[in-house]
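**Q** My structure is below; once you've seen it, I'll send some questions.
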Amino acid sequence: VTCIEVVEAYVERIKEVNPLINAVVKDRFEEALQEARQVDQLLAEGPGDDFLEEKFPLLGVPITVKEAFALHGMPNTSGLVNRRNVIATSDATVVSRLKQAGAIPLGVTNCSELCMWYESSNKVYGRTNNPYDLQRIVGGSSGGEGGGLAAACSVIGVGSDIGGSIRMPAFFNGIFGHKPTTGVVPNDGQFPNAQGVRTSFLCTGPMCRYAEDLELMLRVMAGPGANKLKLDEKVSLEKIKFHCMDHDGGSIFVSPVDKEILQAQRKVVEHLESELGVQVQRVAIHKMKYSFQIWSAMMSSKDSNGQEAQLFSDLLGDHGKPVWPLWELIKWLVGMSSHTLPAIALGLTEKLVKLNPGGNAKLVSMGKSLQEEMEALLGPDGVLLYPSHPITAPRHHSPICMPFNFAYTAIFNVLGLPVTQCPLGLSNEGLPLGIQLVAASYNDHLTLAVACYLEKAFGGWVLPGKV
C-alpha cells in the first residue's frame, strides 16, 4: 500500500465520521497528502527498509494531535475564546519528535476549555460526541483525541494528562492510553503548560487503538528520556506480582463503581489466575478514599521554592483582563459568558480551597505517605489493577452533577506513577469498559506488557457501530 493511499483513506474516514462526532476541529489534509507523496518518493528512491525503519520508525503513519499542543500552522486555543486567533508558529517537542520519526499529522482534535474538565466542549469548537453513543461524552481533556481514534480517524494520537485527561477519554472510547512516569516525556509546547508544583503532575503521553503502538510512540515521544523506562527489558508476565483493588474505599465525593466495571475487573483477575497461574493479591489502601482531596490539595500547594500554584481564573484571562468567576456565572445564566459552566465552577471552587491551609497541609502529607506506600507495595515487579472511572461514558452535561469522579485517575498524577488504561470490551449498553494498570515509577514496561496481554485475551478496541 502506498503512503498516499493510507493518508487518503484516513482523510475520507474523517470526512465521513467527523460531522457526527466533531473530534477533528481543524485539518491539514492538503499538507498531509503532500507529505505522503514525499514519503512515497523516499520509498521509491529506496535507501533500504532497515535504514528507514531505524531512522523513521513512524514513516508515513497518520496521526492527530490534541489542539492544546502546538502544531505548526494549526490553531492552539485550548478552547478559550480570547485565543481563537492564536496559530502555532512552531511544534511542541513531542509533535516535533513524532514528525521527525516520519509521522504525518492530519489535524488537531478538540479538548475541554483550558484542559481542565472531563467533557470536551468549549465555546470555540462546540462539543465532541462519543462514537459509541452520540448522546454521551468522550471525556476530557484529550476527548477529541479519544473519540477520533476510536472512530478510526487516525492511527495514533498525542494526549496530555494532569487528572486523567489521557486515561478518561481512552476509557470512555475503548482505546489504549498511557500516562508515563512523571518527568520523562517533555510537556513543553502545550497551552496551558504546568507551572510550579504542577510540573511534576502533568504528563504527555500516547493514545492509540492497538496496545503494541504504545511502546513505539512512548520511545519516540520520550526521546533520550526513554532510557529511564526499561523498555528493552523482557517482561515475564508470570513473575509479575499482581494486586487488585475494586474501588477507592467509598469516598463521599465519588459515584460507586458500576457493577459491569467490577465484573470486567473480576474477569481479568480470573483470567490472570487461571492462564498465568499467578495469585492476584486483593488490597485495600485506606488513603485512596481521599483521592480527590489529596489531588486537590497537592494541585494547589506551593512548590519547593515556595512558588504558588497558578490560579485557574488567571489562565481564563490569558494575559488579558482578570476573570471574575462570580460575574461570569451571572453572565452565563443569561447566555452572555464566553466561558463554559465547568470552567466558571472551577474558578469559584478554587477560591474555597484556599480557605483551609491547615487541612491542605495535612492532605499534602497524606499524599506523600500514600506515594511511599504505593511504591513499597508495587516494588520492582508489581502491577495494580484499579478501575479507570466509576461509571461508563456518562451522558452529555451530566458530569457537572458528579464532578469529582475523575479522582480515580487523578490520584496517580500526584503520585507520579505510570498507568496504562486498557479496554475490556463493551457493556450491555454497548459502551466501552476498561481498567487501569498501575506500576511503580519507571516501570512503564510492566503496564505496557500487561496491556498487550489483556488485548489478546479480551479483544481490545471494538469498532463503534459494530454491535
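The values are calculated or read from the model by the stated rules, or taken from the named source; none is laboratory data. For clarity, every value in this text was computed on a predicted model and none was experimentally measured. Note that we place each Cβ from the backbone using ideal geometry, even for glycine, and neighbour counts take in every protein chain shown. Heads up: the accessible areas ignore ligands, DNA and RNA and are worked out on the full protein's heavy atoms, side chains in. Shrake-Rupley method; radii C 1.70, N 1.55, O 1.52, S 1.80 Å.
**Q** Mean separation of Cα pairs under 8 Å and 6+ residues apart, divided by the residue count of region 3-458: what relative contact order is that in percent?
**A** Value for region 3-458: 18 percent.
**Q** Another one. Restricting to DSSP H runs of at least four residues, report the calculated mean residue ellipticity at 222 nm for the chain, -39500 (n - 2.57) per run over all residues, nearest 500 deg cm²/dmol.
**A** Mean residue ellipticity at 222 nm (helix-derived): -11500 deg cm²/dmol.
**Q** While we're looking at this one, here's another question. Hey, can you rank 450-460, 407-417 by average C-beta count inside 10 Å, highest first?
**A** Descending packing order for the listed peptides: 407-417, 450-460.
**Q** Please state, as a whole number in µm²/s, the translational diffusion coefficient that the Stokes-Einstein equation yields for region 134-283 at 37 °C and 0.692 mPa s, with Rh defined as the Kirkwood radius across alpha carbon pairs.
**A** For the chosen part, D equals 190 µm²/s.
**Q** Quantify, in whole percent, the carbon and sulfur part of the accessible surface of the chain (1.4 Å probe; protein heavy atoms only).
**A** On the chain, the fraction of accessible area on carbon and sulfur atoms equals 55 percent.
**Q** Around His271, under 14 Å between beta carbons, what's the net of Lys plus Arg minus Asp minus Glu among the other residues?
**A** Every neighbour counted, the sum reads -2.
**Q** Write down the percent of antiparallel bridges among all DSSP beta bridges whose residues are both part of region 3-458, to the nearest 5.
**A** 65 percent
**Q** Sticking with this structure for a sec: Between beta-carbons, use under 11 Å as the cut-off and find the net charge around Gly48, counting Lys and Arg +1, Asp and Glu -1.
**A** In short, -4.
**Q** What does the net charge come to around Thr409 if you take all other residues with beta carbon closer than 11 Å to its beta carbon, with K and R at +1 and D and E at -1?
**A** Taking every Cβ under 11 Å from that of Thr409, the sum is +1.
**Q** Between Asp232 and Arg395, how high is the FRET efficiency from 1/(1 + (r/R0)^6) when r is the Cβ-Cβ distance and R₀ = 41 Å? Nearest 0.05.
**A** Efficiency computed from Cβ-Cβ geometry: 0.40.
**Q** In bins 20 Å wide, starting from 0, what share of all Cα pairs of the chain does each bin hold, as a percent?
**A** Answer for the chain: a P(r) of 26, 60, 14, 0 percent.
**Q** Do the alpha carbons of any pairs in Lys287/Lys362; Lys26/Lys331; Lys26/Lys99; Lys267/Lys287 sit beyond 20 Å of each other, and which pairs?
**A** Pairs exceeding 20 Å: Lys26/Lys331; Lys267/Lys287.
**Q** Counting only heavy atoms of the protein chains, get the accessible area per residue of region 62-219 (1.4 Å probe) and round it to a whole Å² value.
**A** On a per-residue basis, 22 Å².
**Q** What does the highest-first list of 193-206, 94-107 look like by mean Cβ count within 10 Å?
**A** Per-residue mean Cβ counts within 10 Å order the peptides as 94-107, 193-206.
**Q** Next up: Determine, for each peptide in 265-276, 228-239, the mean count of other beta carbons within 10 angstrom over its residues, then list the peptides with the highest first.
**A** For the peptides 265-276, 228-239, the packing ranking is 265-276, 228-239.
**Q** To the nearest 0.05, how large is the calculated FRET efficiency for Ala9 and Lys362 if R₀ is 35 Å and r is the Cβ-Cβ distance?
**A** According to the calculation, E is roughly 0.05.
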